[in-house]
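Here the structure is laid out as structure tokens; the discussion comes afterwards.
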Amino acid sequence: MQSPEVGKARSEMLTAQARLDLARRVLERKRRLGAERIVAQRDIQEAEANQASAEAELRAAKGTLESLGVDQSETLATESPRFSLRSPISGTVLERNAVQGRMAEPAQPLFRIGDLSHLWLTVHAFERDAVRVRPGTTGRVTFLALPGQTFTGKVSLVGKQVDRETRTIPIRLEIANKGGLLRPGMSATALLKVGNESGTIFAVPAASLQRVGERWIVFVPRSEDSFETREVGRGRDLGSEVEILSGLKAGETVVVDGSFLLKAQAERTRGEGEDHD
């Protein structure tokens, strides 16, 4: 690349280097004269201060070159505006916007480079499941573009915020890209273990749960024709069953067949303003 700023910075660095060389020679000469009591101690101190100032100017000039992306291994004994811009990381060129003769702007990237040996996969899980996923958990990942192949990913991050629209939490997995088959942007599905594998899971048939507004309810029989509406805390989906976190005790009976009809009856009774359970 060619940059007037680089040429100016190199010129300033060479000037600072020349001033430092001169300051060192002057200090060395005055120290010799001072040892022979020809010059005063104050002159030696001034020479030492001039050398320290010249060293600071040289460090600042080198810092300016470094901030411009100039490799310090390149020869600096020149005021040429040409320099080589090298990637700070090793990887694969994913996108190239640079062409010969084009004006480069700081806000416009020339290349996009990524290390594809390991990729991040971000999946979204419902909040009731995501809060039970632990970092370090291993999951199985499948990609739509690679049917029949299964990859292993390890959870490295569980999001701290729930998406208000989807009510999901992002979970990030790290996947080893063996053979370079995976590409950034691929769609995938992950199967993760949630919660603790030990212990007892308390669940009810999925058909017994009914949603009323933002609540989940079940109907508990009191008698043959009387039912109690019970609000419960819903947990994980377990196929034909659903985990219950609160609101029920082990051994209680809930209505499965006809629970939707009971919900409709309860809503109709509520609309008529009558007392009901």
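Applying 1/(1 + (r/R0)^6) with R0 = 30 Å to the Cβ-Cβ distance of GLU46 and SER3 gives a FRET efficiency near 0.20. For segment 130-277, relative contact order (Cα pairs under 8 Å, six or more residues apart, normalised by length) works out to 18 percent.
Taking Cα centre as origin and charging only the Cβ of basic (Lys, Arg, +1) and acidic (Asp, Glu, -1) residues, the dipole magnitude of the chain rounds to 1540 debye.
Relative contact order of the chain: 12 percent, from C-alpha pairs under 8 Å at least 6 residues apart in sequence.
Normalised by the number of residues in segment 1-130, the average gap of Cα pairs under 8 Å and 6 or more apart makes the relative contact order 29 percent. Based on the reciprocal of the average 1/r between different C-alpha atoms, the Kirkwood radius for segment 126-277 equals 18.5 Å. For the chain, the solvent-accessible area works out to 68 Å² per residue, with a probe of 1.4 Å and every protein chain left in place.
Rolling a 1.4 Å probe over the protein heavy atoms of segment 1-45, with every protein chain left in place, gives an accessible area that is 48 percent carbon and sulfur. In the chain, a dipole from Cβ-located charges (positive for Lys and Arg, negative for Asp and Glu) runs towards its positive end, and of VAL204, ILE44, THR229 it is ILE44 whose Cα lies farthest in that direction.
Membrane-span-like helices of the chain, defined as complete DSSP H segments with a Cα extent of 30 Å or more along the helix axis and a mean Kyte hydropathy of at least -1.0, are identified as 4-35, 41-67. With the convex hull drawn around the C-alpha atoms of segment 2-142, the volume per residue stands at 239 Å³.
When only alpha carbons of segment 229-271 are considered, Rg and Dmax amount to 12.2, 34 Å. Element breakdown for segment 138-277 at a 1.4 angstrom probe: carbon and sulfur atoms account for 49% of the accessible area.
Each other residue within a Cβ distance under 14 Å of ALA54 adds +1 if Lys or Arg and -1 if Asp or Glu, for a net charge of -2. As an equivalent ellipsoid, the chain spans semi-axes of 74, 25, 18 angstrom, where each value is the square root of five times an eigenvalue of the C-alpha gyration tensor, largest first. Only helices enter this figure: runs of n ≥ 4 DSSP H residues, each worth -39500 (n - 2.57), summed and divided by the residues of the chain, yield -9500 deg cm²/dmol at 222 nm to the nearest 500.
Take the alpha-carbon centre of segment 114-132, take the same for segment 207-228, and report the distance between them in whole Å. The distance from the Cα centre of segment 114-132 to that of segment 207-228 comes to 36 Å. Quick check: net charge around VAL158, other residues with Cβ under 10 Å of its Cβ, Lys/Arg +1 and Asp/Glu -1? Local charge sum for VAL158: +4. Looking only at ALA47, ALA190, ALA206, which one moves most when the chain is put into a Gaussian network model with springs between Cα atoms under 10 Å? Judging by the Gaussian network model, the answer is ALA47.
The values are calculated or read from the model by the stated rules, or taken from the named source; none is laboratory data. In this text, all values refer to a predicted model and were calculated from it rather than measured experimentally. Please note: Cβ atoms are built from the backbone with ideal geometry, for glycine as well, and neighbour counts cover all protein chains shown. When the accessible area is computed, the model is the full protein with side chains, heavy atoms only, and any ligands, DNA or RNA have been set aside. Shrake-Rupley method; radii C 1.70, N 1.55, O 1.52, S 1.80 Å.
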